[in-house]
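The values are calculated or read from the model by the stated rules, or taken from the named source; none is laboratory data. Because the structure is a prediction, the values reported are computed rather than measured. Cβ atoms come from the backbone with ideal geometry, glycine included; neighbour counts cover every protein chain shown.
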Amino acid sequence: MKRECHATFVPLLDKAFANAGHFRQSASATRATTIAMVHTTPVEARAAVISTLECYVSAALLDAVADDITASHDKTIAFLLEHQHQVDSADVSPRLYTSALCIAFGYFFGGLIPLLPYVFIADGGVALICSVVVMVFTLFAFGVGKTALIGERSSKIRICEGLKMVGLGGSAAAASVLCVRLVHQ
């Protein structure tokens, strides 16, 4: 079973890459230690196999199963890495980096798009109205687009999902404005 990490704006991306590097380093160290143990102290390796199996295999079968696993260094190493240390033999999944980049760009553009009207329009009131309009269209397009990407062909359902996204985003914005007003009273 593959172990996949899914991580979650730039500080979050840095943390995700750092965690991936730590996981890779930790997995490499565990792999090296396990290989050394299997090759230099087979009795200790067999004891580790037994301690991993003892809560799953009956006492009558435990020695036979442990003997079968420890008959080959490669089999013993693979077993200990997967079942005792829960380290996959493959490197960290590239999906980790894809997820981190998607989330980072999502936060970045999600924060940038509503601010763009303020960059181009001097009057704050007009910029606010433009920002709201831009976000309504953006949220609607996102809702329709994500529904289309998952394979929905019905225009009616796509439009409904776009409207739901506008409602959800509008609710979140209204809640944040309400919280700010409550704090500043």
>> Here is a list: V65, V10, V57, V49. Which entry is among the aliphatic types (A, V, I, L, M) and at pLDDT below 75?
In response: V10
>> On the basis of being within 19 Å of P114 (Cβ to Cβ), modelled with pLDDT of 90 or more and loosely packed, with under 14 Cβ neighbours inside 10 Å, does V133 make the cut?
In response: yes
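Of the residues that make up segment 95-103, is at least one surrounded by 15 or more Cβ atoms within 10 Å (Cβ to Cβ), over 30 Å from A27 (Cα atoms) and out of contact with any His (no Cβ under 9 Å at 6 or more places or on another chain)? Break it down stepwise before answering.
Applying the first criterion (surrounded by 15 or more Cβ atoms within 10 Å (Cβ to Cβ)) to segment 95-103 yields 96-97, 99-100, 103.
Next, only the ones that are over 30 Å from A27 (Cα atoms) stay: none.
Checked against the condition, which is being surrounded by 15 or more Cβ atoms within 10 Å (Cβ to Cβ), over 30 Å from A27 (Cα atoms) and out of contact with any His (no Cβ under 9 Å at 6 or more places or on another chain), segment 95-103 yields no hits at all.
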